[in-house]
Amino acid sequence: MPSPAKAYAAQSATTPLAPFSFERRDVQPDDVAIDILFCGVCHSDLHQARSEWEGTLFPCVPGHEIVGRVTAIGSDVTTFAVGDLVGVGCMVDSCGTCPSCHEGEEQYCEGTGFVGTYNGPDAHLGGHTFGGYSDMIVVKQGFVLRIGHDEQDLAAVAPLLCAGITTYSPLKHWGAGPGKKVGVVGIGGLGHMGVKIAAAMGAHVVAFTTSEGKRADALALGAHEVVVSRNADEMAAHAGSFDFILNTVAASHDLDAFTNLLKRDGTMTLVGVPEHAHPSPSVLNLVFRRRSIAGSLIGGIAETQEMLDFCRDHGITADIETIAIQDIDASFDRMVKGDVKYRFVIDMASLAAAA
């Protein structure tokens with residue numbers, strides 16, 4: 001039988017998130033049922049709930065940075081047991097047959113496209129998927145991750161399921177590590193994870209910020225140097241010296257200022273998606289040093305598990321502020337203002353008090 005679930009949902013782009021009841025599917029042979037303990041708040045949640053991206057399906061239950069405990073498993077589940085601590089990230093299914101899926105890159109599924117944890121097609125109940133701003137979820141075992149961190153750190157682990165893998169995947173793909181000079185542009189929800197992970201990989205990490213006030217914070221996160229990008233002299237001092245730059249900024253800005261800092265054959269990878277397009281970059285900057293501008297989208301399931309294990313082994317979690325679900329809209333407003341260091345996480349125990 002389907003299971004009743006409680007959540008907070010947006011009923012439209014202009015109404016606050018409010019209590020919402022619905023049903024999760026019954027546990028299929030390949031399924032894992034999870035009581036949600038914590039759910040991170042991603043900027044994507046805000047964009048989707050407020051219909052700032054096209055295609056929001058209402059009611060919308062956001063949330064794709066989920067940590068919880070297994071409460072039931074299907075008859076074919078072999079990798080998880082009741083009581084296990086687990087995570088669910090940005091996707092809950094894919095076609096499973098295309099080249100990308102076969103290569104463990106489900107985020108680039110070429111068949112159906114990956115099924116989002118929320119706002120994706122629900123093949124079981126019809127309609128669309130509902131995310132982690134809820135008390136429980138049912139997910140195929142192949143899209144469930146094992147959490148190895150201490151239980152006391154679970155709230156701070158939740159953002160790893162999106163912010164962690166979004167930064168880990170490109171850092172690994174482009175070879176961040178010992179002997180490499182790596183820049184991280186933007187010290188926010190994504191950027192602060194990028195600094196921590198790149199430093200743990202052994203790279204020389206330079207953090208870029210527009211604010212002098214974030215210099216001490218970036219150093220505390222593990223950056224070896226900090227550059228205030230509005231300071232022309234500081235930027236010029238690093239010209240032509242970076243192997244790789246991870247650009248996490250989700251606002252339209254001048255990319256040339258950063259491509260100028262790349263070595264020959266250096267790459268700048270964008271993981272932030274701006275509301276308006278970046279100004280067109282100079283082709284000369286790319287052609288004369290064989291530089292590249294690239295993009296990256298989360299990571300596959302195997303790589304996400306690898307990232308979680310890497311973060312466990314290096315003592316890495318997100319810097320968070322825990323909130324009650326009743327404060328979600330106020331938290332959205334604070335996120336827009338950049339008033340969080342560096343990620344909100346919902347304590348889902350607060351959902352029990354929802355009307």
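The values are calculated or read from the model by the stated rules, or taken from the named source; none is laboratory data. Just so it is clear, the model here is predicted, and its values are computed rather than measured. Cβ: placed from backbone, ideal geometry, glycine included. Neighbour counts: every protein chain shown. Only protein heavy atoms, including side chains, enter the accessible area calculation; ligands, DNA and RNA are left aside. Shrake-Rupley method; radii C 1.70, N 1.55, O 1.52, S 1.80 Å.
Looking at 69, 50, which is the one that is open to solvent by 20 Å² or more (accessible area, probe 1.4 Å), charged (D, E, K, R) and over 21 Å from residue 138 (Cβ atoms)?
Numbers: 69 fails: over 21 Å from residue 138 (Cβ atoms).
Matching residue, one of 69, 50: 50.
Taking residue 271, is it out of contact with any helix residue (DSSP H, G or I) (no Cβ under 7 Å at 6 or more places or on another chain) and under 18 Å from residue 188 (Cβ atoms)?
On the way: out of contact with any helix residue (DSSP H, G or I) (no Cβ under 7 Å at 6 or more places or on another chain): no; under 18 Å from residue 188 (Cβ atoms): yes.
In short, no.
Go through region 289-342 and give me each residue that's acidic (Asp, Glu) and either in a loop (DSSP other than H, G, I, E, B) or open to solvent by 40 Å² or more (accessible area, probe 1.4 Å) (or both). Write out each step before concluding.
Going residue by residue through region 289-342, those that are acidic (Asp, Glu) are 303, 306, 309, 313, 319, 321, 327, 329, 333, 339.
306, 309, 313, 319, 321, 327, 333, 339 - these are the residues of region 289-342 that are acidic (Asp, Glu) and either in a loop (DSSP other than H, G, I, E, B) or open to solvent by 40 Å² or more (accessible area, probe 1.4 Å) (or both).
Sort out which residues of region 120-152 are farther than 20 Å from residue 109 by Cβ, touching a residue at least 60 places away in the same chain (Cβ under 8 Å) and charged (D, E, K, R), and write them in order of number.
Those that are farther than 20 Å from residue 109 by Cβ, touching a residue at least 60 places away in the same chain (Cβ under 8 Å) and charged (D, E, K, R): 135, 146, 151.
Give region 310-342 a look and list any residue that's within 14 Å of residue 153 (Cα to Cα) and among the charged types (D, E, K, R), or say none.
Restricting attention to region 310-342, the residues satisfying the condition of being within 14 Å of residue 153 (Cα to Cα) are 311-322.
Of everything in region 310-342, those that are within 14 Å of residue 153 (Cα to Cα) and among the charged types (D, E, K, R) turn out to be 312, 313, 319, 321.
Pull up region 55-87, narrow it to residues that are touching a Gly at 6+ places or on another chain (Cβ under 7 Å) and of a type in the set (Val, Ile, Thr), then point me to the one that is nearest to residue 329 (Cα to Cα).
Of the residues in region 55-87, the ones touching a Gly at 6+ places or on another chain (Cβ under 7 Å) are 61-67, 69-70, 86.
Filter again for of a type in the set (Val, Ile, Thr), leaving 61, 66-67, 70, 86.
Values: 61: 13, 66: 19, 67: 21, 70: 29, 86: 27 Å.
Selected residue: 61.
Residue 310 - would you say it is within 30 Å of residue 6 (Cα to Cα), of a type in the set (Phe, Trp, Tyr) and at pLDDT 95 or above? Before the answer, list the steps.
Working: within 30 Å of residue 6 (Cα to Cα): no; of a type in the set (Phe, Trp, Tyr): yes; at pLDDT 95 or above: yes.
No; evaluated as a whole, the condition is false for this residue.
Within region 33-44, is even one residue within 18 Å of residue 91 (Cα to Cα), open to solvent by less than 30 Å² (accessible area, probe 1.4 Å) and assigned to a loop (DSSP other than H, G, I, E, B)?
Here is the first cut: in region 33-44, the residues within 18 Å of residue 91 (Cα to Cα) are 33-36, 38-44.
If we keep only those that are open to solvent by less than 30 Å² (accessible area, probe 1.4 Å) as well, we get 33-34, 36, 39-42, 44.
Narrowing further to those that are assigned to a loop (DSSP other than H, G, I, E, B): 42.
The answer is yes; a qualifying residue exists.
If you take the residues of region 184-221 that are assigned to a helix (DSSP H, G or I) and open to solvent by less than 10 Å² (accessible area, probe 1.4 Å), which of them is nearest to residue 317 (Cα to Cα)? Please lay out each step first, then the result.
Taking region 184-221 as the starting set, the residues that turn out to be assigned to a helix (DSSP H, G or I) are 191-200, 212-221.
Adding the requirement that they be open to solvent by less than 10 Å² (accessible area, probe 1.4 Å) leaves 191-195, 197-198, 218.
Values: 191: 13, 192: 10, 193: 8, 194: 11, 195: 12, 197: 10, 198: 13, 218: 15 Å.
Looking at residues that are assigned to a helix (DSSP H, G or I) and open to solvent by less than 10 Å² (accessible area, probe 1.4 Å), I get 193.
For residue 191, are the conditions met, namely being touching a residue at least 12 places away in the same chain (Cβ under 8 Å) and either outside the structural domain of residue 318 (by the TED database) or out of contact with any helix residue (DSSP H, G or I) (no Cβ under 7 Å at 6 or more places or on another chain) (or both)? Even if it seems obvious, please write down each step before you answer.
Details: touching a residue at least 12 places away in the same chain (Cβ under 8 Å): yes; either outside the structural domain of residue 318 (by the TED database) or out of contact with any helix residue (DSSP H, G or I) (no Cβ under 7 Å at 6 or more places or on another chain) (or both): yes.
Yes, satisfied.
Could you tell me which residue of region 73-93 is surrounded by the most Cβ atoms within 10 Å (Cβ to Cβ), considering only residues that are under 18 Å from the mean Cα position of the chain (by Cα) and part of a loop (DSSP other than H, G, I, E, B)? Show your work before the answer.
Residues of region 73-93 under 18 Å from the mean Cα position of the chain (by Cα): 86-93.
The next check asks that each one be part of a loop (DSSP other than H, G, I, E, B); those that pass are 89-90.
On the way: 89: 28, 90: 26.
The selected residue is 89.
Which of the residues belonging to region 106-136 are over 16 Å from residue 62 (Cβ atoms) and buried (at least 22 other Cβ atoms within 10 Å of the Cβ)?
So the first thing to find is which residues in region 106-136 are over 16 Å from residue 62 (Cβ atoms), and the list is 106-114, 121, 123-126.
106, 107, 114, listed by residue number.
Looking at region 27-72, which of its residues are without any contact (Cβ under 8 Å) to a residue 60 or more places away in the chain, touching a strand residue (DSSP E or B) at 6+ places or on another chain (Cβ under 6 Å) and among the small types (Gly, Ala, Ser)?
Scanning region 27-72 gives a single hit, 72.
Residue 233: under 18 Å from residue 183 (Cα atoms), at pLDDT 95 or above, outside the structural domain of residue 151 (by the TED database) and part of a strand (DSSP E or B), yes or no? Step through it out loud before you land on a result.
On the way: under 18 Å from residue 183 (Cα atoms): yes; at pLDDT 95 or above: yes; outside the structural domain of residue 151 (by the TED database): yes; part of a strand (DSSP E or B): no.
Against the criterion (under 18 Å from residue 183 (Cα atoms), at pLDDT 95 or above, outside the structural domain of residue 151 (by the TED database) and part of a strand (DSSP E or B)), residue 233 does not qualify.
Restricting to region 255-288, and then to whatever is open to solvent by 70 Å² or more (accessible area, probe 1.4 Å) and hydrophobic (A, V, I, L, M, F, W, C), can you tell me which residue is farthest from residue 182 (Cα to Cα)?
Residue satisfying both the conditions and the ranking: 277.
List the pairs whose first member sits in region 249-265 and is within 13 Å of residue 288 (Cβ to Cβ), whose second member is modelled with pLDDT under 95 and surrounded by 16 or more Cβ atoms within 10 Å (Cβ to Cβ), and whose Cβ atoms are under 6 Å apart, counting only residues at least 6 apart or on separate chains?
Filtered contacts from region 249-265: 256/285; 259/285.
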